[in-house]
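The values are calculated or read from the model by the stated rules, or taken from the named source; none is laboratory data. Only a predicted model underlies this, so the values are computations on that prediction, with no experimental measurement involved. Here Cβ is always computed from backbone atoms with ideal geometry, including for glycine, and neighbour counts include all displayed protein chains. These accessible areas exclude ligands, DNA and RNA; they are computed on the full protein's heavy atoms, side chains included. Shrake-Rupley method; radii C 1.70, N 1.55, O 1.52, S 1.80 Å.
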Number of protein chains: 4
Amino acid sequence: MTIRVGVIGAGNIGTAHAHNLATAVPGSTVTAIYDVDQPAATALASELGCRSTASLADLINADDVDAVVIASPDGLHAEQALACLAVRKPTLCEKPLAPTIEAAQRVLDAEVAIGERLLTLGFMRRFDPGYVALKREIGAEGIGTPLMVHNVHRNAAFAYGLTTEGTVTNAAIHEIDINRWLLEDEYARVQVIMGRSGPDTPDGQRDPLFIIYETAGGVVVDIEAFMMARYGYEVTCQVVASDGVSDMGDGGYITRTTARVRGQPVPEQWIGRFRDAYRIEMQAWIDSIRGRAGPTGASLWDGFAATHAAEAAVESLRSDGWVRVDLPSRPDLYR
Amino acid sequence: MTIRVGVIGAGNIGTAHAHNLATAVPGSTVTAIYDVDQPAATALASELGCRSTASLADLINADDVDAVVIASPDGLHAEQALACLAVRKPTLCEKPLAPTIEAAQRVLDAEVAIGERLLTLGFMRRFDPGYVALKREIGAEGIGTPLMVHNVHRNAAFAYGLTTEGTVTNAAIHEIDINRWLLEDEYARVQVIMGRSGPDTPDGQRDPLFIIYETAGGVVVDIEAFMMARYGYEVTCQVVASDGVSDMGDGGYITRTTARVRGQPVPEQWIGRFRDAYRIEMQAWIDSIRGRAGPTGASLWDGFAATHAAEAAVESLRSDGWVRVDLPSRPDLYR
Amino acid sequence: MTIRVGVIGAGNIGTAHAHNLATAVPGSTVTAIYDVDQPAATALASELGCRSTASLADLINADDVDAVVIASPDGLHAEQALACLAVRKPTLCEKPLAPTIEAAQRVLDAEVAIGERLLTLGFMRRFDPGYVALKREIGAEGIGTPLMVHNVHRNAAFAYGLTTEGTVTNAAIHEIDINRWLLEDEYARVQVIMGRSGPDTPDGQRDPLFIIYETAGGVVVDIEAFMMARYGYEVTCQVVASDGVSDMGDGGYITRTTARVRGQPVPEQWIGRFRDAYRIEMQAWIDSIRGRAGPTGASLWDGFAATHAAEAAVESLRSDGWVRVDLPSRPDLYR
Amino acid sequence: MTIRVGVIGAGNIGTAHAHNLATAVPGSTVTAIYDVDQPAATALASELGCRSTASLADLINADDVDAVVIASPDGLHAEQALACLAVRKPTLCEKPLAPTIEAAQRVLDAEVAIGERLLTLGFMRRFDPGYVALKREIGAEGIGTPLMVHNVHRNAAFAYGLTTEGTVTNAAIHEIDINRWLLEDEYARVQVIMGRSGPDTPDGQRDPLFIIYETAGGVVVDIEAFMMARYGYEVTCQVVASDGVSDMGDGGYITRTTARVRGQPVPEQWIGRFRDAYRIEMQAWIDSIRGRAGPTGASLWDGFAATHAAEAAVESLRSDGWVRVDLPSRPDLYR
């Protein structure tokens, strides 16, 4: 069974999701795109070989749309989610669910009334290998019971027009979710500290913010949210626990400090280290057979040259010094 | 068009390739498995919902096999590759092409006679994001012209029964290929230095080896190949060039040293940092809709809780101190 | 002129100071030790070849005491500092000056009345190469104007009997001073957040603390002070500024992130890298001449062996392969 | 007893040694400087408050010269060392002992004839905290028995006029010595591999070199010696052993990889982390008392301000939110 997906929103995130569904996720296909910006919808649809729809309702109700992705502006999420729930289609809705509690409540009530979990929120960090590894650090096998979590979320320049409130509801919302998920705990109270603002902060706004949550379980979660940090994009998370500390640095790597050692795990086998390489290799090979790309990967000539070089090295095992590598000239087929 | 693949070999690598084709690579499906160990082939086929074949020829000649993966023991690669070439099917053959130049030459002659590039060698490191990034480091935009390359290839314990020659032809063959590819240069000569061996080295064998190639262009490529390194698996590569040095460390991260700074790139945007998370999120969502996994990702309740926490933080922007987060109790649907 | 120093306190810090003055600081000598624990004072004095005094007054007033180090318990600092001021002797007083503002005020009034700066506080982090380098990061040549500073101060187990207040007045006092010094700014307000405590926290106490200062200039300074962190000792400081971020990690190394690069400085010359080695080498050589240590450093034989090895390498420059190193047998003098 | 030292050579290294002896090494004083460049000798002597001598003999034979430092050009070391041995004065001679075995042999014979170890070679890396820590890594408590050592020695631009031979005898001589010292083993044979040279290599010379030694015990020691590396100065050393690998990176930090973890040691206590800070603090304090520097370190005002800030934090322990820090205005004495 292939899931036929309709995508609402042809902006950055909508386009990224549509491409992933069409080219990198087995079992799915994209059948329809909707955007209030019709040319954008048409262009993306054409690129993916599907159609664009004239209205939101056309997409949501289409027979060949089994599931929906909502990647529209934040303020539209709740209303569109309600429309998807009304037709009982599984929906992945970008974060946030809604900028206000009132709107979020209406969607929650609707799904509870249906009695089936149809809506998934796009908090994609829960699938990030870095955060997944960080969550495994917590507990008896790792660093013990969490006491504090220090989060950093910096953007080189905030894409959406910086507002102080938007820093919370659009950006720090990621940390709000991921710390709940990491700690499996709910928040009890919060305060935001606003110090001196950086030079790129628009008039009337504040940036960076320092947001501090206390959870019901007593964990202090602090978040530096700095939207105009100039130097680049960076997300880090440090969990301070009863037996040690784990840092998720840029790139998702985990550094664990316990018992006098600050360390990074070394894999036992090559499969872990080159997992992505194996998948990408297969994808490239299949794409080239399907005619979507030219010959790719190592050719027979490359294998032949490697065998030549290896045999010379093997010969050197039995001598003491240099052995020539005599590679014949390359056939035209491999030029 | 979906490419129907037959996989020869149901061992570690064959199983990994078959799983990738079946579950992670759009556009492909696995239709047949062959292994001399028939129960292994049957078990893998059953897991993937395809058939196993009684003979190699049955797999290679099958009408529903468009392309073949060869993941058998090293000594069988050349012969099986010739069989695949004979029926003109695109084939991905695990490295090495052959342990001897003579066998490699026969496969090369066959493909040249056909005049079409049908065989791809499984040098998957060419697709590793680490090596791909390292190759981009070379040249005028990066560290300049390469002068030396220092490679390390260590295994905790060599899986295949360590022999000194096998270290070259089965393990270091990866470095042999990847340095040719990095440098776009051929090897001119080689020597292998064998010092004191480690404590786990089998009688009559030598480990580690220090292999040194000189390329036609004068680059010195050294490879420490240490198959019984005990501590874990590690692959590193350092390119020393005219304007600086780039290191690919474990995990594939690049550290570039030029002009008095040793540095790592910081991304400009979140898309790069969380690319994998977006893909994996979509895969998980589609898999749950297809019924291959239960509900996954953030639920509507998670989105609702995040909105609650964010709204309290927004309220705190206007006060000076703590604001309570009053989350209602969780509906049963989300327990 | 050699400064003759009297040291009050023969505990950990007093002993460390006395040893530094006696053996590592040119221009100083230790002439007297006082401690209420007389045997401790006598033992340290005997080790250093000086005398211990029967009373504090004896030490402070002694003619052969030009300057005083106060390394007694925190509660005695203020009173002893007043005694030293009374005799107008330069004094280095361990931190804190006093646990209460009232006591601190009396010392301040005394020195102001004298009109001469005689007292130095033992905030030794101001001399730590790491913090010194971090301060150089701030400003136009570095990361720009500071906006936030994140500090971490962790002890494996607090030496002095943990109390929540002591965490502030004895431990976090270091961060309190060093951030004033880094920022050249005064504090405007403060709050301490106490979440869940760790498992080694004594009954009735809280640990870790999260201390947040706002400076007059609007910089947010947060300090995680975790006295029973189990895993080890760690002090880090991260300055977040208008153009980038600088981290002082364990060991004092600076990582600066600006303009899409996270980097560490590479020295231009060997002098910087091996500055300590040169000083320690000279100290070891002088100590051996003075008969305080046996022969140390590289012997003439080591120089001879190096010349042998180098000459063989030079010969290899003109050949192509191995050259033997023929070192004669080692004379008995060097065994 | 204070050792009165005469320094031969007023260049970079001679000046550095003279300054260390005069200002950073207790127990020593510099009484005489000699250099063929008389104005250079006079200038350095004047800076240190000692005399320069008209001839080498005047310095070596002077009654107020107890010990000699030889920091002249490489080719003069052997002859000057013989002159110092003749008068039985302890001598620290910069590396190398001599560029040729023949000259080195004469010095060795002279000291053996005397029967007393008077000469120390200036291989200062033996005192570098990085190499000292690396040597502790070797053996049963650390990474086990060494099998290979990978060394890198890079200069931004070679100070002395690059010659291929000089790279060995003047620069790589450091690695030649330090690997003997690390391994406590002698070299058996050597070869030098010269690949493509970098763009700054003078005509007729080769750079970088790849130098490979095998020790009597069978350890392979390779050295990349790259004198015109452009980007900066860097020295690294990686010991590959039976149970793991230890890296000494730039700055001397040790990273040990064993048993699936790549880690760096975390100190148990603050004394280790801030050892240098304590020494430098004391030196600064003594220097200011001696009138060699103005007031330095934290003033009484700094201690007072810290007590104010701490007391406000202590008050905050008992409240829930912000507490003001009311620092009085700063007395003129501390402006």
Inset, instruction - Would you mind telling me which residue in A:ALA113, A:ALA104, A:ALA22 has the biggest mean-square fluctuation in a Gaussian network model of chain A, where springs connect alpha carbons within a distance under 10 angstrom? - result: A:ALA113
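Could you tell me whether chain C comes out rounded, prolate or oblate from its Cα gyration tensor? Rule is a ≥ b ≥ c as square roots of the eigenvalues, rounded for a/c under 1.5, then prolate if a/b exceeds b/c, otherwise oblate.
On the way: a/c = 2.15, a/b = 1.28, b/c = 1.68.
Because a/c hits 1.5 or more and a/b fails to exceed b/c, chain C counts as oblate.
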Legend entry - Summed residue charge, Cβ within 11 Å of C:PRO146's Cβ, Lys/Arg positive, Asp/Glu negative: -2
Inset, instruction - In whole Hz, with x marking every Gly and Pro, tabulate ³J(HN,Hα) for region A:86-96 from phi via Karplus 6.51 cos²θ - 1.76 cosθ + 1.60, θ = phi - 60°. - result: 4, 9, 6, 9, x, 9, 9, 9, 4, 6, x
Inset, instruction - Among the aspartates and glutamates, select those whose C-alpha is under 16 Å from the C-alpha of A:LYS89, and discard any that sit fewer than 8 residues away in the same chain. - result: A:ASP58, A:ASP63, A:ASP64, A:ASP66, A:GLU79, A:GLU111, A:GLU116, B:ASP287
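Which order, highest average first, do D:123-130, A:300-307 follow once you tally other Cβ atoms within 10 Å for each residue and take the mean per peptide?
A:300-307, D:123-130
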Inset, instruction - Measure out, as a whole number of angstrom, how far apart the alpha-carbon centroids of region A:84-130 and region D:81-148 sit. - result: 72
Inset, instruction - Based on the mean of other Cβ atoms within 10 Å per residue, sort peptides B:145-155, B:23-33 so the most packed one is first. - result: B:145-155, B:23-33
Legend entry - 10 Å Cβ neighbours from other chains, averaged over peptide D:15-28: 6
Legend entry - Label spacing, shortest first and in nm, from B:GLU315 to its equivalents in the remaining copies (7 angstrom along Cα→Cβ): 2.9, 8.1, 8.6
Legend entry - Karplus (6.51, -1.76, 1.60) ³J(HN,Hα), θ = phi - 60°, over region D:329-335, in Hz, Gly and Pro reported as x: 6, 7, x, 4, 3, 10, 8
Legend entry - Axis-nearest residue of D (beta carbon) for the D-onto-C rotation, whole Å: D:PRO26, 2
Inset, instruction - Determine the shielding of peptide C:175-185 by partner chains: average, over its residues, the number of Cβ atoms on other chains within 10 angstrom of each Cβ. - result: 3
Legend entry - Copy-to-copy label separations for C:GLU184, where each label sits 7 Å from Cα toward Cβ, in nm and ascending: 5.2, 5.2, 5.3
Inset, instruction - Quick one: divide the alpha-carbon radius of gyration of region B:55-160 by 2.2 N^0.38 Å and tell me what you get. - result: 1.36
Legend entry - Relative contact order, percent, chain D [alpha-carbon distance under 8 Å, six or more residues apart]: 12
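Evaluate the charge dipole of region A:72-112 about its Cα centre and quote only its size in Debye, nearest 20, assuming +1 on the Cβ of each Lys and Arg and -1 on the Cβ of each Asp and Glu. Before the final figure, lay out the partial values.
Working: 4 positive and 6 negative charges, 36 e Å.
So the dipole magnitude of region A:72-112 works out to roughly 180 debye.
May I ask for the accessible area buried between chains D and A, both sides summed, probe 1.4 Å, to the nearest 100 Å²?
Working: alone 20050 and 20010 Å², together 38780 Å².
Adding both sides of the contact gives about 1300 Å².
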Inset, instruction - Before anything else, pin down the relative contact order of region A:1-142: Cα pairs under 8 Å, at least 6 apart, normalised by residue count, whole percent. - result: 20
Legend entry - Between helix D:101-114 and chain D: long-axis angle, C-alpha atoms, 0 to 90°, nearest 10: 80
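To the nearest 20 Debye, how big is the dipole of chain A about its Cα centre, given +1 on the beta carbon of each Lys and Arg and -1 on that of each Asp and Glu?
560
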Legend entry - Amide proton proximity set for B:ALA259, modelled H, under 5 Å, gap of 5+: D:TYR231
Legend entry - Amide H contacts under 5 Å for B:ALA298, placed H, 5+ residues apart: A:LEU121, A:PHE123
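On average, how much accessible surface per residue is there in the protein assembly as shown, in Å², for a 1.4 Å probe, leaving out ligands, DNA and RNA?
So the protein assembly as shown comes to 35 Å² accessible per residue, rounded to a whole number.
By the gyration tensor of its Cα atoms, with a ≥ b ≥ c the square roots of the eigenvalues, what is the shape of the protein assembly as shown: rounded for a/c under 1.5, prolate for a/b over b/c, or oblate?
Numbers: a/c = 2.48, a/b = 1.20, b/c = 2.07.
The shape class here is oblate.
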Legend entry - Cα→Cβ-extended label distance, 7 Å offset, between A:SER329 and B:ARG324, nm: 8.7
Inset, instruction - Specify the residue with the greatest mean-square fluctuation among B:VAL323, B:VAL87, B:VAL219, computed from a Gaussian network of chain B linking alpha-carbon atoms under 10 Å apart. - result: B:VAL323
Legend entry - Inter-copy label distances at D:GLU79 (7 Å, Cα→Cβ; nm, one decimal): 7.0, 7.5, 9.5
Inset, instruction - Rank C:LEU327, C:GLY27, C:GLY303 by how far each Cα sits towards the positive end of the charge dipole of chain C (+1 on Lys, Arg Cβ; -1 on Asp, Glu Cβ) and give me just the farthest. - result: C:LEU327
Inset, instruction - Pull out the extension gain between D:ALA157 and D:ALA259, defined as 0.36 nm times the separation in residues minus the alpha carbon to alpha carbon distance; nm, one decimal. - result: 32.8 nm
Legend entry - Label-to-label distance, nm, for residues given as D:VAL36 and C:SER46 (7 Å Cα→Cβ offset): 5.7
Legend entry - Relative contact order (%) - criterion: Cα under 8 Å, at least six apart; region: region D:68-175: 23
Inset, instruction - Report, to the nearest 10°, how far helix D:300-317 tilts away from the longest principal axis of the Cα atoms in chain D, using its own Cα long axis and a range of 0 to 90°. - result: 60
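Within region D:148-251, list the chymotrypsin sites (Phe, Trp or Tyr not before Pro) lying in a DSSP loop whose Cβ has at most 14 other Cβ atoms in a 10 Å radius.
On the way: sites: D:PHE158, D:TYR160, D:TRP181, D:TYR187, D:PHE210, D:TYR213, D:PHE226, D:TYR231, D:TYR233; in loops: D:PHE158, D:TYR160, D:TYR231, D:TYR233.
Counting only loop positions with at most 14 other Cβ atoms within 10 Å, the chymotrypsin sites (Phe, Trp or Tyr not before Pro) in region D:148-251 are D:TYR160.
With a/c under 1.5 counting as rounded, go ahead and sort region D:1-119 into rounded, prolate or oblate using the C-alpha gyration tensor (a ≥ b ≥ c being the square roots of the eigenvalues; past the cut-off, prolate if a/b is larger than b/c, else oblate).
prolate
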Legend entry - Per-pair calculated FRET efficiency, R0 = 45 Å: D:ASP200 and C:ALA54 via Cβ, rounded to 0.05: 0.05
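Enter the mean number of other protein chain beta carbons within 10 Å of the beta carbon of each residue in C:217-226, as an integer. Could the numbers behind the result be given before it?
On the way: counts 2, 4, 2, 8, 2, 6, 1, 8, 1, 4.
Mean partner-chain Cβ count within 10 Å for C:217-226: 4.
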Legend entry - Positive-end extreme of charge dipole, chain A - chosen from A:ASN61, A:THR258, A:GLY6 (charges on Cβ): A:THR258
Inset, instruction - Using label points projected 7 Å from each Cα along Cα→Cβ, tell me how many nm separate A:ALA113 and A:THR2, to one decimal. - result: 3.6
Legend entry - With Cα atoms, 0 to 90° folded angle of helix D:275-289 axis to chain D main axis: 80
Inset, instruction - Tell me the GluC sites (Glu not before Pro) within region D:137-241 that lie in a loop according to DSSP and have at most 13 other beta-carbon atoms within 10 Å. - result: D:GLU141, D:GLU184
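Could you work out the helix-only [θ] at 222 nm for chain D, with each DSSP H run of four or more residues adding -39,500 (n - 2.57) and the total divided by the number of residues, to the nearest 500 deg cm²/dmol?
Values: 10 runs with 110 residues, N = 335.
Result for chain D, helices only: -10000 deg cm²/dmol.
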Legend entry - Where a label projected 7 Å from the Cα of A:THR296 along Cα→Cβ would reach, residues of region B:116-141 with amide N under 20 Å: B:117-137
